[in-house]
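Heads up, the thing below is written out as structure tokens.
Derivation of every value follows stated rules applied to the coordinates shown; laboratory data play no part. Note that the structure is a prediction, hence the values are computed from the model and not measured. When we count neighbours, we look across all protein chains shown, and the Cβ atoms used for this are built from the backbone with ideal geometry, even at glycine.
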């Protein structure tokens, strides 16, 4: 429970129990038999109760006899009968055994409500108004109704971060006509007792049972309607989960990410006091915020390196596309605006709309911070996860810049608690995985047959506009001449050699003039695995032991997608650093696929100790020699496949070039 709920409960307990103790301390009765009869009927009627829709609390017809006691007994007698009835109502045939706190709260709250009803019935102002017994009972009935229901509605609302008025209106307002009708019934009982004696008024008990049965029928209908609404809500949630699975099939890092983001987001929203509707919208958005990635090419999503400006432009469409998809769902709460704005920043530098401050929906502000924290604390294709404390510090440094300071304050205070909840709470119930890794054996060929001609894959790059050579024409001419000469020597080295070992040794030496590296590795495709055929430089022994599955890591991604990577993270290579605490000086990588026809035969990868060590011109150099190198490898493998394989063991043991 929240602090507000705890404080409220404590205040009710102190006030109610103090009042009860004070009044019962001076308990006395002028008519013991009448008191015992009222006490017994009130307690007995407490078992005639119905459960309120959507709540664990109940309502009983004993309020009729509390009203009758208000009109005919003293306040201590009313409290004794009413509070005992409230306790019995809690425990009699309870579906779930109430806690001592719930029982004590019912007793304390009942004492306050019964005392207020008694005071309103004997209010001196009503003497001057000459409203009669029925007027007094109407006022007392309204007071009892408001006192009883508002106390419980408030504690429910504070516990669930909802509006007390909303809870009261939804769960209790329908009882008001019964209380007002009860006032008329009690008035009839009072008049009968004045004419025929108080005992004759008990003849009205059968009417009480009829009222109870009417309650049961009415509440039964409400429960049926509620069950229907819950079924629709469950269907809605399953639809959301199915969409979340579609995202998971596209981005395999998303499954755990969804669960953690949902827990963090909802707990933060509770702390900030969001309404029930806002929390429902945030719950859906936390599952679906990345659904727009369905419109982003797979090779961009899974790329284990930095995105190019063009790739980032494509990635930036996903919140827009996601919002457009969800607008078609017509949620009963505002999900699409949260999804559209979850990459906006507090200072207005985010995308897609450049919103700033409180222009950003509160749900998007929460989701933005939570999403970033979880992304930093999770493994990605291009880097390892940061420890949670370090990730929180990075997010904390962006408070007031990228993120809402109020949201960050909650996260900084409770992120360890949220992390524990994410590991112990099944936030996304039933959210399994799709069978994306199976192979379907049946089916010989599609209706249109198999493709016979491969689509050529081309890569083209031009000189960067911010290249220093553009500022100095003489230096530019010299650099261009040097590049032409070096490329000519590379082509000669590759073309003149008959043996793969000689080709790779010359290549490693001469390519370093144009594209410096600390390690160079040539991987060859063996089935569905990349194996190092030549390794030189730093960590050569470690690189030579790798076996990289197609599609995994940096080089596996290059081979799978036939696209180069510039300034990727060497640590992304599977098995490169098995120990999470190990350290490597290598900070950036340049890798290109080596293609022959419609297949990839290998990957050439350069690794460097500097960050962002490679430019597009370095990539262009490798692409210029790629064709010759691929041809040399192919010729060598055709001449003697067995020898080429044995060369792998020989070459990986060579000393650094």
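Tabulated data for the structure shown
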{"read-out": "Sorted by Cβ density within 10 Å, fewest first, the residues 184, 168", "value": "184, 168"}
{"read-out": "P(r) tail fraction, the range 64-184 - alpha-carbon pairs more than 20 Å apart, %", "value": "47 percent"}
{"read-out": "Relative exposure of 622, 32, judged by other C-beta atoms within 10 Å (fewest first)", "value": "32, 622"}
{"read-out": "Proxy reagent accessibility, fewest Cβ within 10 Å first, across 403, 39, 27, 65", "value": "27, 39, 403, 65"}
{"read-out": "Pairwise label distance in nanometres, residue 91 with residue 598, each label 7 Å out on the Cα-Cβ vector", "value": "8.0 nm"}
{"read-out": "Label-point separation in nm, residue 394 to residue 21, each point 7 Å along Cα→Cβ", "value": "5.6 nm"}
{"read-out": "Full-extension gain in nm, residue 30 to residue 123, via 0.36 nm per residue minus C-alpha separation", "value": "31.3 nm"}
{"read-out": "Size descriptor, Kirkwood hydrodynamic radius, that averages inverse alpha-carbon separations across the range 251-424, Å", "value": "16.2 Å"}
{"read-out": "Modelled FRET efficiency - R0 30 Å, residue 416 with residue 6, Cβ distances, 0.05 increments", "value": "0.90"}
{"read-out": "Per-pair calculated FRET efficiency, R0 = 25 Å: residue 277 and residue 116 via Cβ, rounded to 0.05", "value": "0.20"}
{"read-out": "Cα gyration tensor shape of the range 303-350, rounded if a/c is under 1.5, else prolate or oblate by comparing a/b with b/c", "value": "oblate"}
{"read-out": "Mean shadow area of the range 111-164, taken as a quarter of the surface of its Cα convex hull (nm²)", "value": "4.0 nm²"}
{"read-out": "R0 of 35 Å, Cβ-Cβ distance residue 611-residue 356: FRET efficiency to nearest 0.05", "value": "0.70"}
{"read-out": "Virtual spin-label span in nm between residue 160 and residue 133, 7 Å along Cα→Cβ", "value": "4.0 nm"}
{"read-out": "The range 21-37 versus the range 150-186: alpha-carbon centroid distance in Å", "value": "30 Å"}
